[in-house]
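The values are calculated or read from the model by the stated rules, or taken from the named source; none is laboratory data. Bear in mind that the values here come from a model prediction, so they are computed numbers and not experimental data. For neighbour counting, all protein chains shown are included, and Cβ atoms are generated from backbone atoms with ideal geometry for every residue, glycine included. Note: areas computed on protein heavy atoms with side chains; ligands, DNA, RNA excluded. Shrake-Rupley method; radii C 1.70, N 1.55, O 1.52, S 1.80 Å.
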Amino acid sequence: AFFHAKVDPNNVGEPERDEQAYVLEKYRVAGYAVEDIVVLQRGLEPLLRSFDGMERVAMKDEIPENFMQGESVCWIDWGSVRPAPFVFADANFLAYIEARDPNKRLRDEERLAIMYDRLDRFQKYRKAPLQKRREEYELAYYNAVALRAITWSPSLQQRHRADPLRSSSGYAQRVVVSIKEKFPAYYDRYAEGYQCGEQVLGRIRNKLDAL
């Protein structure tokens with residue numbers, strides 16, 4: 001949270017990524033059919049919309065390999081840092097916690113407690129009001145989880161890594177249910193998009209049988 005509050009996201013090595021173009025290209029390269037790409041594009045809309053107006057932070061995975069400890073702490077490979085919505089860091093950080101310990105499975109309320117703690121510390125260090133209502137960060141976090149699972153599915157399939165794919169896609173399917181229950185107005189506004197997203201996640205789960 002301290003890094004994200006203090007580092008100017010507009011003064012980093014890479015520009016902000018066009019997430020839709022990035023994801024669609026990954027699926028094209030992986031050989032997905034045109035009709036699957038069309039469904040995927042529709043499914044991305046509600047996820048990406050929730051990041052509108054959110055603070056961008058300098059984005060790099062918060063793992064020990066990406067930091068160097070000396071008199072101060074600094075990122076390694078600064079040139080690959082890019083701006084991204086704040087909740088992207090939460091989705092990656094929580095996925096990393098579980099990836100490091102396969103026996104550790106956080107409950108949803110534990111994930112949200114960590115997310116809100118990081119948000120509060122970010123606001124404290126940044127010394128500025130948040131740009132969105134607190135509950136909107138929860139919605140955006142859920143959408144970031146689903147986006148992360150969809151984004152990395154082709155890479156994990158190609159590397160035959162079924163376990164992390166099963167974990168991430170399974171949780172992503174559950175967060176869509178949470179969005180429908182906790183944020184019904186938003187879900188209803190983008191119901192068709194979420195249904196397309198659920199189709200994509202369902203197909204990801206089906207492909208696990210072949211891994």
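Data for the structure
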quantity	calculated
Sites GLU110 and GLN20, calculated FRET efficiency, Cβ-Cβ separation with R0 30 Å, nearest 0.05	0.45
LYS182, LYS26, ranked by accessible area, largest first (probe 1.4 Å)	LYS182, LYS26
Estimated FRET transfer efficiency (ALA30, LYS127; beta-carbon r; R0 30 Å; 0.05)	0.10
Accessible area per residue, Å², segment 3-60 with all protein chains present, probe 1.4 Å	51
Cα centroid separation, segment 91-159 to segment 24-57 (Å)	18
